[in-house]
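Read the structure below first, then the notes.
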Amino acid sequence: MQPFEYTSPKTKEQVPALLGNSWGEVEILAGGTDLLSLMKDYVTTPRRLVNIKGIQDLHAVNFNPDGSVRIGALKTLAELAETPELQKSHPMLAHAVGDAASPQIRNQATLGGNLCQRPRCWYFRTGYGLLAKDKDGKSLVPNGDNRYHAILGNEGPAYFVSPSTVAPVLIAYQAKVRILGPQGIRELPLEKFFLVPRAEQEREHDLQPNEVVIEVVVPPARQVHAAAYEVRQKEAFDWPYATAAVALTMNGNTVSNARVVLGHVAPIPWLSPEAAQALTGKPLTPATADQAAQAAVAKAKSMGRNAQKIQLARVAVKRAILKAGGVA
Ligand SMILES: Cc1cc2nc3c(=O)[nH]c(=O)nc-3n(C[C@H](O)[C@H](O)[C@H](O)COP(=O)(O)OP(=O)(O)OC[C@H]3O[C@@H](n4cnc5c(N)ncnc54)[C@H](O)[C@@H]3O)c2cc1C
Ligand code: SF4
């Protein structure tokens, strides 16, 4: 690991000034479950780490009378999974954080770190950069081993898949993320937080190098029927092949509103208006779930070795819809 400076601010207001003006110089350290492995492999070589774990107000979780919840960025996945109020108010979220990774990692990993974790693309992880280019500047992915890579939004230049299994669930719940920078706090819908990088120096999200995620706000979900489905290689501590998170508002057996979000299929969590449209105004039946699942992957394209992911994503969407509607 390359030597680095280490600093531990005690308040969130101190953080922006300690961060850098370009990516790579300074990294925020939360649970370290992702960052430290990148540093050990020299994929990330910051000259300074800003350890935010000593900032007490980022560890808070507050349940509001209207049913919404504000979750501090440093809340660990294990703490969230074991919070009875969350299991009641947002069961799909409590389940997703309790299902990610292993018990040891969940005890250490934070919600903010989960949303900002870097892609698992093996070209990125072995030092070819975020856009996986060879020495001539050509991406290695389209003609390479792309069996886990994107099937949607894969026109390039990024081909990796967004790694968080929690983000699609939060987006289905219409969560917002609160970000602190030198100019103060800004808030944006979580689906707008994730971006496809166009250049090697960019990141997979809307953060500036001197900004920090401080909180996630999840709206009330009392009237929402929600469920997620993950297709995994096997029951092991690993990232899935494809996931789907679905939040439905029902009027009797008719879907009045739907949000369908796919995970591990694109460089960003993939909100599918096509699937939502296929459900809205329809009775929830296996046939409508199937049509919505077909719509979700209608634009998916294999890169050569990942055609199986199209079928897996379709199945994940169909099963999540049926589970959300209580049909499965
Ligand atoms: C074996 C294994 C299996 C896993 N399986 C899953 C899975 O199924 N689903 C899943 O979602 N994840 C999975 N993970 C990933 C795990 O959830 C993440 O590593 C973890 O959530 C990262 O959180 P952290 O606090 O440790 O982040 P860190 O490692 O400290 O940071 C990760 C990145 O986020 C940045 N960062 C951290 N906090 C903030 C903040 N508040 N604001 C801005 N930037 C920040 C850091 O600078 C760094 O770039 C798995 C990990 C392992 C090792
Ligand atoms: S058991 Fe293995 S995968 Fe899990 S935290 Fe320990 S070293 Fe990591």
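Points worth noting:
- Over all directions, the projected convex hull of the C-alpha atoms in the chain averages 16.2 nm² in area.
- Pairs of Cα atoms farther than 20 Å apart, region 45-106, %: 36 percent
- All aspartates and glutamates inside 17 Å of K12 as judged from Cα atoms, apart from same-chain residues fewer than 8 positions distant: E27, D57, E187, E211, E215
- Contact order relative to length of the chain, as percent, for alpha carbon pairs under 8 angstrom and 6 or more apart: 17 percent
- Integer Hz, Karplus 6.51/-1.76/1.60 couplings in order for region 300-305, x for Gly and Pro: 5, 9, 6, 9, x, 10
- Using the 1.4 Å probe convention, the accessible area of region 224-324 works out to 43 Å² per residue with neighbouring protein chains retained.
- Label point distance in nm, R70-Q183, each placed 7 Å from Cα along Cα→Cβ: 2.2 nm
- Amide proton proximity set for H205, modelled H, under 5 Å, gap of 5+: L195
- By definition, a body whose alpha carbon gyration tensor gives a ≥ b ≥ c is oblate when a/c is 1.5 or more and a/b is not larger than b/c, and region 1-127 fits this oblate description.
- The alpha-carbon atoms of region 161-282 define a convex hull whose volume equals 135 cubic angstrom per residue.
- Highest to lowest packing among 174-187, 233-246, scored as the average C-beta count within 10 Å: 233-246, 174-187
- The convex hull built on the alpha-carbon positions of region 215-268 has an orientation-averaged projected area of 5.7 nm².
- Shape box of region 132-179 [Cα atoms, principal axes, largest first, Å]: 41, 25, 15
- Cross-link partners for K299 among the lysines, with Cα-Cα distance under 19 Å and sequence neighbours closer than 8 places in the same chain left out: K309, K318.
- For M250, the residues whose amide H sits under 5 Å from its own are H225, S256, ignoring neighbours fewer than 5 places away on the same chain, with H placed 1.01 Å from N.
- Counting Lys and Arg as +1 and Asp and Glu as -1 over every other residue whose Cβ lies under 14 Å from the Cβ of S272, the net charge comes to +2.
- Percent of alpha-carbon pairs separated by more than 24 Å within region 224-324: 18 percent
- Model label sites at K40 and V327, defined 7 Å from Cα along the beta-carbon direction, differ in position by 4.6 nm.
- Karplus-based coupling profile of region 80-86, in residue order and whole Hz: 5, 4, 9, 8, x, 4, 6, with θ = phi - 60° in 6.51 cos²θ - 1.76 cosθ + 1.60 and x standing for Gly or Pro.
- Two-site FRET efficiency, D57 against A236, from Cβ-Cβ distance with R₀ of 35 Å, rounded to 0.05: 0.45
- Within the accessible area of region 45-179, the carbon and sulfur atoms contribute 49%, probe 1.4 Å, all protein chains present.
- Residues in region 109-123 carry Karplus couplings, in order, of 6, 9, 5, x, x, 4, 6, 9, 4, 7, x, 8, 2, 6, 5 Hz; the curve used is 6.51 cos²θ - 1.76 cosθ + 1.60 with θ = phi - 60°, and Gly or Pro positions show x.
- Extents of region 89-205, taken as max minus min of Cα coordinates on every principal axis and listed largest first, are 50, 37, 26 Å.
- Using a Förster distance of 22 Å, the FRET efficiency for M1-E202 (Cβ separation, nearest 0.05): 0.35
- The chain: DSSP helices with Cα axial extent of at least 20 Å and average Kyte-Doolittle hydropathy no lower than -1.0: 308-324
- Taking 7 Å steps out from each Cα toward its Cβ at Q108 and T285 produces label points 5.1 nm apart.
- Ranking V97, T83, G113 by Cα position along the charge dipole of region 70-114, where only Lys, Arg, Asp and Glu carry charges on their C-beta atoms, puts G113 farthest toward the positive end.
The values are calculated or read from the model by the stated rules, or taken from the named source; none is laboratory data. Because the structure is a prediction, the values reported are computed rather than measured. Ideal geometry is used to build each Cβ from the backbone, glycine not excepted, and the neighbour counts take in all protein chains shown. Heavy atoms of the whole protein, side chains included, go into the accessibility calculation; ligands, DNA and RNA do not. Shrake-Rupley method; radii C 1.70, N 1.55, O 1.52, S 1.80 Å.
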